[in-house]
């Protein structure tokens, strides 16, 4: 991850804190629907949905991620970055993190997901509770080079099961908005 991404992490807001508010259609994708984004993208793509892993492994988490997970700044975590694709196009960049201290010994093998959606796993395990959704304009410096752009809408929430917490951020890429025909 570029060092600029660590210096300027995203600033996340609840729906009531987000100013100016997005359009109703954008708001719906960011906050209204609590169901699995995987399911919504599968429906939108008429079952032409896939996951492309970009990177995963132990690394230092960003300070905003550490704060959301309630661990010390600079903590190690499992970081997984993927594209959620519709019709082969990257529609969403997803970044999921979990603190090493909570993940080790949890029995959850994130390293074995491969091309399976993490959302599919989290929503199929009813022991996970989903926290409040937050949104922001995601910093371009935090995105992969090939999709880097400024002011892309993103949302994130924390899924927890006992002491295990997984923070999932989803950045809606321009091809997604083109597919939905929603002005962002």
Problem - Set 154, 141: member being part of a helix (DSSP H, G or I) and modelled with pLDDT of 90 or more - result: 141
Completion exercise
If we ask which residues in the stretch 110-159 are loosely packed, with under 13 Cβ neighbours inside 10 Å and closer than 16 Å to residue 93 by Cβ, their number turns out to be 6
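Yes/no per residue for (1) surrounded by 20 or more Cβ atoms within 10 Å (Cβ to Cβ); (2) more than 19 Å from residue 159 (Cα to Cα):
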{"site": "40", "(1), (2)": "no, no"}
{"site": "43", "(1), (2)": "no, yes"}
{"site": "47", "(1), (2)": "no, yes"}
{"site": "68", "(1), (2)": "yes, no"}
Practice task
Report, by residue number, each residue of the stretch 140-159 that is touching a residue at least 40 places away in the same chain (Cβ under 8 Å), closer than 22 Å to residue 76 by Cβ and in contact with a helix residue (DSSP H, G or I) (Cβ under 8 Å, 6 or more places away or on another chain).
Solution key: 141, 142, 156, 158
Exercise for the section: Report, by residue number, each residue of the stretch 69-79 that is closer than 29 Å to residue 180 by Cα and either in contact with a helix residue (DSSP H, G or I) (Cβ under 6 Å, 6 or more places away or on another chain) or assigned to a loop (DSSP other than H, G, I, E, B) (or both). Expected result: none
Fill in the blank from the handout: Scanning the stretch 98-113 residue by residue, those within 26 Å of residue 29 (Cβ to Cβ) and either free of Cβ contacts under 8 Å to residues at least 40 places away in the same chain or outside any strand (DSSP E or B) (or both) turn out to be 110, 113
Practice task
Identify, by number, the condition in (1) closer than 18 Å to residue 137 by Cβ; (2) in contact with a helix residue (DSSP H, G or I) (Cβ under 8 Å, 6 or more places away or on another chain); (3) in contact (Cβ under 8 Å) with a residue 12 or more places away in the chain that residue 21 doesn't meet.
Solution key: (3)
Problem - Whichever residue in the stretch 160-174 is buried (at least 18 other Cβ atoms within 10 Å of the Cβ) and more than 19 Å from residue 76 (Cα to Cα) and, among such residues, is farthest from the chain's Cα centre (by Cα) - result: 173
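Conditions tested, residue by residue: (1) touching a strand residue (DSSP E or B) at 6+ places or on another chain (Cβ under 8 Å); (2) part of a helix (DSSP H, G or I); (3) over 17 Å from residue 67 (Cβ atoms).
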position	(1), (2), (3)
119	yes, yes, yes
149	no, no, yes
165	yes, no, no
183	no, no, yes
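The values are calculated or read from the model by the stated rules, or taken from the named source; none is laboratory data. These numbers come from a predicted model, not from an experiment. Positions of Cβ are generated from backbone atoms using ideal geometry, with glycine treated the same way; all protein chains shown enter the neighbour counts.
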